[in-house]
Amino acid sequence: MHLSGVPALSHPLLTAPIGKSLWKLSAPTTAVMIVQTFVAIAETFIFGRLGTEALAGFALVFPLMMMMTMMAAGGMGGGVAAAMARTLGAGRTADARALVLHALVLGTVLALLFTLLAWTVAPALYRLLGGEGAALTKALTYSHVLFSGSLFIWANFFLSALLRGGGDAATPGRYMLLSSIAQVPLSYVLALGIGGWPGMGMAGPAISALLTSAVSALLQARALWSGKLGFVPALAGIPLQRRLFWEILRVGLIASFSAFTANLTAMLVTGLVGRFGIAALAGYGIGVRLEFMLVPLAFGIGSGLTTIVGVAAGANDWQRAVRAAWIGSLVAGFGIGAFGWIVALFPEGWARLFTDDPDVVAATVAYVTRVAPFYFVFGIGMTLSFASQGAGRMKAPFAAGVARLFVASLGGWFAIEHLGWGLPGVFVAIAVGIVTFGSLIAGPLLVHPWRGRA
């Protein structure tokens, strides 16, 4: 080991320029995220062609589906990528080979858990969300097919995480991009039919998602076993070890809980906004859509930071880890913040892209002018939370997520009930929640930069 803490045979990401490495790792993932956003829009159109009940049925399944996707791609998937990055950064090739098996075993267990939940708990959940009649029937059809094949979805995201953690984002990005593009026409044909074939209805888009995930997973597995990361994994002759499972779980569990708190925050805030009527809900939906459009940039840069910071942390080069975290988060913060300010300066123009209803426009303007100016802090907080996965330091993101939940939900309630601020008060609470989230992640890193544990 050199005095710098970098092994003699160091990982390329320990010496390459941070900016160039960040672009190489972030661009493919960002592209995939953007395309998947358009895929979601296209599939909503397909469900609309199947009828109002189909749209309602998909809406019932959406929260559980998004929870699984966020865990597989960002929560547990982030834990997998971070573990691989730290292991390779430390030069522990044998552990890296074994980590592939441990990740696939963990992914299989989690996939089977979601399959079990879909067949046992999910029907009651859909009823609780208001599902009944034909909408509930269609929801169950889609849910049972999709979650019965959830193993393909978890394998796709976990194999991608293993490759990204090793510094190869181009390979999974290419395969996932192609599979996402293929998913739309395949969903259309399977759902609505072609020629004289009537199609499979709700089962069609679910089967399309599973088929494209399976193909992408197989292609990524082939790349991994061809030695893309500098070694050939093995599934036989490797004993399962608690410490390697913990390498993934110590990050993945907290990251998954953070995803849960983010979803819960959105649900509670939606409930508060709903008290002011349909126009308020519609305006809030248009306003928050801006945030969802900017998430791919934060996720793309953040996933690159997970790898760069993880490799540096594994090599005990904490100065580089901190520097990379700040460079990436500031790039994301300024990019997302600039877009937020542009929309905040012309909020009515943004609103009228989606509606001409004056009440909805007013609600959208109220949201955008109070929340969008603080997207700079949101971008920094999001990307630093991914960097924290690479560093294995998840206390700050955990605390920040919980604090945002309480500030946005309880603060919104207090603004309505005790301050009399009405709907604008809810939006102020959302803005304060965003500032709290970003500050509680960035502040500790600024005051006490990451260091190696004694």
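What to note about this one:
- Taking region 305-374 as the region of interest, the helices (runs of 4 or more DSSP H) fully inside it that hold 1 or more residues being within 24 Å of the chain's Cα centre (by Cα) are 318-345, 358-371.
- The single condition from (1) farther than 30 Å from Ala169 by Cα; (2) open to solvent by less than 10 Å² (accessible area, probe 1.4 Å); (3) of a type in the set (Val, Ile, Thr) that Thr137 fails is (2).
- Leu210 closer than 22 Å to Phe45 by Cα, in contact (Cβ under 8 Å) with a residue 40 or more places away in the chain and either acidic (Asp, Glu) or open to solvent by 10 Å² or more (accessible area, probe 1.4 Å) (or both): yes
- When we screen Thr29, Thr44 for residues that are surrounded by fewer than 22 Cβ atoms within 10 Å (Cβ to Cβ), hydroxyl-bearing (Ser, Thr, Tyr) and in a helix (DSSP H, G or I), the only hit is Thr44.
- Meets criteria (out of contact with any Pro (no Cβ under 8 Å at 6 or more places or on another chain) and in contact (Cβ under 8 Å) with a residue 12 or more places away in the chain) for Thr87: yes
Quick grid of which residues meet (1) in contact (Cβ under 8 Å) with a residue 60 or more places away in the chain; (2) of a type in the set (Val, Ile, Thr); (3) part of a loop (DSSP other than H, G, I, E, B); (4) under 30 Å from Asp317 (Cα atoms):
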{"site": "Gly411", "(1), (2), (3), (4)": "no, no, no, no"}
{"site": "Leu419", "(1), (2), (3), (4)": "no, no, yes, no"}
{"site": "Ala431", "(1), (2), (3), (4)": "yes, no, no, no"}
{"site": "Ile434", "(1), (2), (3), (4)": "yes, yes, no, no"}
{"site": "Gly452", "(1), (2), (3), (4)": "yes, no, yes, yes"}
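- Tally of residues being open to solvent by less than 30 Å² (accessible area, probe 1.4 Å) and either within 18 Å of Ile207 (Cβ to Cβ) or in contact with a helix residue (DSSP H, G or I) (Cβ under 7 Å, 6 or more places away or on another chain) (or both) across region 158-182: 17
- Condition met for Ala415 (touching a Gly at 6+ places or on another chain (Cβ under 6 Å), part of a helix (DSSP H, G or I), of a type outside the set (D, E, K, R) and closer than 23 Å to Arg275 by Cα): yes
- Test result for Leu419, open to solvent by less than 40 Å² (accessible area, probe 1.4 Å) and on the phi < 0 side of the Ramachandran plot: no
- Wholly within region 52-122, helices (runs of 4 or more DSSP H) carrying at least 3 residues that are open to solvent by 60 Å² or more (accessible area, probe 1.4 Å): 52-70, 93-120
- Of all residues in region 268-291, those being farther than 17 Å from Val365 by Cα, in contact (Cβ under 8 Å) with a residue 60 or more places away in the chain and open to solvent by 30 Å² or more (accessible area, probe 1.4 Å) number 2.
- The C-beta contact set for region 220-245 (first residue at pLDDT 90 or above, second residue of a type in the set (Gly, Ala, Ser) and open to solvent by 40 Å² or more (accessible area, probe 1.4 Å), distance under 8 angstrom, 6+ apart or interchain) comprises Val232/Ser226.
The values are calculated or read from the model by the stated rules, or taken from the named source; none is laboratory data. Quick caveat: nothing in here was measured; it's all calculated off a predicted structure. When we count neighbours, we look across all protein chains shown, and the Cβ atoms used for this are built from the backbone with ideal geometry, even at glycine. Quick note on the areas: whole protein, heavy atoms, side chains included, nothing else; ligands and nucleic acids left out. Shrake-Rupley method; radii C 1.70, N 1.55, O 1.52, S 1.80 Å.
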